[in-house]
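First the structure, in the form of structure tokens, and then the observations on it.
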Amino acid sequence: MASPMSANRFLAALREEGLAVVQVGDWSTHNRNHKGPWGPVHGVMIHHTVTRGTARTVQICRDGYESLPGPLCHGVIAKDGTVHLVGYGRANHAGLGDDEVLRAVIAERRLPPDDEATTDGNRHFYGFECENLGDGQDPWPKVQLEAIAKAAAAVCRAHGWTHRSVIGHKEWQPGKVDPRGFTMASMRERIAEQLR
């Protein structure tokens, strides 16, 4: 069981991992904490945005939509590998997911199939949205994949977690397909290598 890092520690952890970071507005206090608690935190969730263009993607992830207010994650990972911080605290990114998956993340063991949506993931996960159309055709540049691994590793390192604490949205909530275009198994291998 872990309390979330402070915003300053989160920023420092990303930079210590070698990432280029852009702080967007009042990111460190922009959150959905009035809707419920954030924490204890147990892992990192990876998403794709279904958007094109970094500026537009960052704005959407910061502000959200009428039906889904922002922030929609903590950091947006652009095609060039830059991490844009858009919120910190509870964010609208994970939604309801499988409690058995959460227990597996906590225990850092093999994930079971996600077949129910009963547990509040926004409370328990850091979230990174990654700029990609999510159509299986939009390429994932090497620098972006490396940045995803570094960002996830930064959070894991700060909390003393392994690569098994990182999941894709599609592994959490039935019906989700993100991230699409790479496997989470391959991403966890990258993260494990980064943590070495």
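The values are calculated or read from the model by the stated rules, or taken from the named source; none is laboratory data. None of the values given here were measured: they were computed from a predicted structure. With ideal geometry, Cβ positions are generated from the backbone for all residues, glycine too; neighbour counts draw on all protein chains shown. Note: areas computed on protein heavy atoms with side chains; ligands, DNA, RNA excluded. Shrake-Rupley method; radii C 1.70, N 1.55, O 1.52, S 1.80 Å.
Sequence-ordered 3J(HN,Hα) estimates for segment 66-82 from the Karplus curve with 6.51, -1.76 and 1.60 and θ = phi - 60° stand at 4, 7, 9, x, x, x, 9, 5, 9, x, 9, 9, 7, 4, 8, x, 6 Hz, glycine and proline given as x. For a straight C-alpha distance cut-off of 18 angstrom, the lysines reachable from K150 (same-chain residues fewer than eight places away being disregarded) are K79, K142.
Sorting 146-153, 57-64 by their mean Cβ neighbour count within 10 Å, with the most densely packed peptide first, gives 146-153, 57-64. The 3J(HN,Hα) values that the Karplus relation (6.51, -1.76, 1.60; θ = phi - 60°) gives for segment 110-122 are, in residue order, 3, 7, x, x, 8, 10, 8, 10, 10, 10, 6, x, 4 Hz. Gly and Pro appear as x. With the helix formula -39500 (n - 2.57) applied to DSSP H stretches of n ≥ 4, the chain reaches a computed 222 nm mean residue ellipticity of -9500 deg cm²/dmol. Taking all protein chains into account, the per residue accessible area for segment 70-196 stands at 39 Å² (1.4 Å probe).
Quick one: grab the alpha carbon gyration tensor of the chain, order the square roots of its eigenvalues as a ≥ b ≥ c, and give me rounded if a/c is under 1.5, else prolate or oblate depending on whether a/b is larger than b/c. Working shown, then result.
Details: a/c = 1.14, a/b = 1.08, b/c = 1.05.
Rounded is the answer for the chain, as its axis ratio a/c remains below 1.5.
Taking amide H atoms as placed 1.01 Å from N in the peptide plane, the amide H of C130 lies under 5 Å from those of H47, H48, T49, I77, each 5 or more residues away in sequence or on another chain. Going by a ≥ b ≥ c, the root eigenvalues of the Cα gyration tensor, does segment 132-196 fall in the rounded group (a/c under 1.5), the prolate group (a/b larger than b/c) or the oblate group? Oblate, since a/c reaches 1.5 and b/c is not below a/b. The amide H of G168, built 1.01 Å from its N in the peptide plane, has I46 as neighbours under 5 Å, considering only residues 5 or more places off or on other chains.
The Cα-based radius of gyration and maximum Cα-Cα distance (Dmax) for segment 1-78 are 13.2, 37 Å. Close amide H contacts of G43 (hydrogens built in the peptide plane, cut-off under 5 Å, sequence separation of 5 or more or a different chain): Y126. Restricting the calculation to Cα atoms, segment 47-147 yields a radius of gyration followed by a Dmax of 14.3, 37 Å. Here the chain has 48 percent of its accessible surface on carbon and sulfur atoms, given a 1.4 Å probe and all protein chains in place. Peptides 28-34, 73-79, 13-19, ordered by how many other C-beta atoms sit within 10 Å of their residues on average, highest first, read 73-79, 13-19, 28-34. Only Cα pairs under 8 Å and 6+ residues apart enter the sum, and on that basis the relative contact order of the chain stands at 28 percent. Coupling constants for segment 32-45 follow from the phi torsions by the Karplus curve (6.51 cos²θ - 1.76 cosθ + 1.60, θ = phi - 60°), and in residue order they are 10, 4, 5, 8, x, x, 10, x, x, 9, 10, x, 10, 10 Hz; glycine and proline get x.
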